[in-house]
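Working notes for the structure below.
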Amino acid sequence: MPYTADDQKRIDAIRVLSIDAVQKANSGHPGLPLGAAPMAYVLWSRHLKFNAADPHWADRDRFVLSAGHGSALLYSLLYLTGEGLTLEDLQNFRQLHSRTPGHPEVHHTPGVEVTTGPLGQGVANAVGLAMAEAHLAALYNGERKIVDHYTYCLAGDGDLMEGVSAEAASLAGHLRLGKLIVLYDDNLISLAARTDVTFTEDRCARFAAYGWHTQIVNSEAGNDVDAIDAAIVAAKADPRPSFIAIRTEIGFGSPRAGTFQAHGEPLGADNVRKTKDVLNWPEEPPFFVPDDVLAWWRDVGAKGAARETQWQGEYAAWKAAHPDLAAQYERTQAGTLPATISWPTFTPENGAVATRDAGGVVLNAIAGDLPELVGGSADLDPSTKTYLKGFGDFQPGDYAGRNLHFGVREHAMGAIANGLGLHGGLLPFTATFFNFVDYMKPAVRLAALSDTKAIFVFTHDSFYVGEDGPTHQPVEQLAGLRATPNLIVLRPADAVETREAWRFAIGHGGPSSIVLTRQKVPFLGERNVPIERGAYIIHGDPETLPELVLIATGSEVSLALDAAKLLEAGGTTVRVVSMPSMELFAKQEPGYRDAIIPPQAARVSIEAGATFGWHRWVGEHGVTIGIDHFGASAPAADIAREFGFTAENVAATASRLLVAS
């Protein structure tokens, strides 16, 4: 049946608050809130399990607004339910330092689960959230359900057009994530035109082919709240992930209803008045909500307190029966590390390996002490060495497995890792070849923006990949990742630095990437590696001012050490600096940086990647040895000679610099 008068007032409160916020800011997207308000009303008032007084309750349902441009809808709901936002926050929509930015940002606004806006990312984040729930439920539930919640996602046409959502939906269907429900705002409009100019596929048939349960709600411009309610009830009863296509009218009630002009710009003062007239809402004052409507919504937000109290009672009883498991649960939910972790020791006998192999040794050594550590690769476990031996596979029917098989889906893999990391209770990692960071860069960027604790492992890190050629040989990726704010990039030189890179990454509060070699590298000795400092002296007297400093990362550190021997044989005083993290070194106080790399000395950098960014460390007159062109298909040793990555060329280049100085 169509909605009642009371339903309409409660729905229209969402609509009016949203268009007033957009209009006051003179910026934003009014069309989605006007059209999707009924489905949001049904979900938040009848199904979503949350406690407005405690947005971080561990067993709350997760709501992801993948169509993040419609953020005014979410902010209106958070205000109405009393979940941390005030009317002043709505009035400051899209303003500097407000809690209501243009697109939802996690850690910035109470009640926002993930950062959305780049389309499709939220759908994949939701898959990660649902995977986290399934894994934690399998790990902790027994006679009592400590972990038992749904993940809901509101997605639009743009979300479904972007490839990342297709990758994630395909995996979700395979995994049969029955507690994942996507509400599709099927309004037939995109930013520039009607969707029928580009997007005419049968969306439900597509999701059905992925293995999803699909439904269509196609009546009264998406305003039939009982039909929407029934669809969500049916979705929750089905063991598969669910996709509900709800036919809506973008910009409902406004003069621009049903047109692309309603999508991405304010309605204008006159059209706001006309919309309020259609909705039978007072034109003035703006942001007006009747007392009875606000009280009803606040009651919706408060009802979750009783559910959380009930859960706390269940948890207390479960904890009493399982104290050790409860201690693990509480530690991992808090994001703290155990008191002891079994780090491996490397020797000349086992340390002269590719850093990808050393990474695999480290990962498997620490996995037993870190039950929260879960992850996998883009169908590359045998090559990235990131399989957790003895910890099972996360598959339908066995969600307790800690090895996640993403398939060849790098973009979804990165976005799913963000969902896993933001859920709470897990520490996710991913792995692929470094060149394919291109396929997951949007998700890595959002991890940095969201300050998500996730570890991105990249192997096959340079032209030393060899015969696979320039299509598989990373050149610009190191510079690209280093340019990403809030992302720590770690390129270790040997097994010891690889261990320390992992030690830093699991303790770091945000995202890290660990970049590893395919080829073997020499073991440089068990030593103190202050990796948190970013760079350190690996060769040379720290108390002596050197004539020359060779600065290198990764596999080129051993090359720098070999070149230093040649130079020292000729009487040059040489210091070699290993710089596993340029970002961490840049954070150090100037005194430390100058002590490691004295500005008075001649300086040469050596790295099998683009030289972009290195002049900060070698100075105006220093020399950078790198690759500012694409690679070649040949044995790695031949490419190294061709591109000048030999000890003899490094020594000769440094000698010329010293003469010129």
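Residue under question is F645, and the condition is that it be outside the structural domain of P511 (by TED's automatic domain parsing), surrounded by 21 or more Cβ atoms within 10 Å (Cβ to Cβ) and modelled with pLDDT of 95 or more; does it hold? Yes; evaluated as a whole, the condition is true for this residue.
One residue alone among G407, G421 is touching a strand residue (DSSP E or B) at 6+ places or on another chain (Cβ under 7 Å) and not in a strand (DSSP E or B), and that residue is G421. Checking each residue of the range 311-318 against the condition of being of a type in the set (S, T, Y) and either in contact (Cβ under 8 Å) with a residue 60 or more places away in the chain or touching an Asp or Glu at 6+ places or on another chain (Cβ under 9 Å) (or both) gives at least one match. Look at (1) in contact with a helix residue (DSSP H, G or I) (Cβ under 7 Å, 6 or more places away or on another chain); (2) surrounded by fewer than 20 Cβ atoms within 10 Å (Cβ to Cβ); (3) among the β-branched types (V, I, T) and you find that T214 fails only one, number (2). If you filter the range 132-172 down to residues that are part of a strand (DSSP E or B) and of a type in the set (A, V, I, L, M), you find that the one that is farthest from R46 (Cα to Cα) is A155. Looking across A305, A339, A327, one residue alone is among the small types (G, A, S), surrounded by 14 or more Cβ atoms within 10 Å (Cβ to Cβ) and within 33 Å of the chain's Cα centre (by Cα). It is A305.
Residues of the range 75-116 that are farther than 23 Å from P286 by Cα and in contact with a helix residue (DSSP H, G or I) (Cβ under 8 Å, 6 or more places away or on another chain): E105, V106, H107, P110, G111, V112, E113, V114, T115, T116.
A Cβ distance below 7 Å, combined with a sequence gap of six or more or placement on separate chains, defines the contacts here; from the range 191-205, residues that are surrounded by 12 or more Cβ atoms within 10 Å (Cβ to Cβ) reach residues that are of a type in the set (D, E, K, R) in the pairs T195/D157; F199/D157. Candidates are the residues of the range 441-482 that are surrounded by 24 or more Cβ atoms within 10 Å (Cβ to Cβ) and among the β-branched types (V, I, T); the one that is farthest from K520 (Cα to Cα) is T452.
A quick yes/no check of all residues on (1) part of a strand (DSSP E or B); (2) of a type outside the set (A, V, I, L, M, F, W, C); (3) surrounded by fewer than 13 Cβ atoms within 10 Å (Cβ to Cβ):
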| residue | (1), (2), (3) |
| --- | --- |
| R575 | yes, yes, no |
| P580 | no, yes, no |
| Q588 | no, yes, no |
| F612 | no, no, no |
| A632 | no, no, no |
| S655 | no, yes, no |
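The values are calculated or read from the model by the stated rules, or taken from the named source; none is laboratory data. All values reported here derive from a predicted model rather than from experimental measurement. Here Cβ is always computed from backbone atoms with ideal geometry, including for glycine, and neighbour counts include all displayed protein chains.
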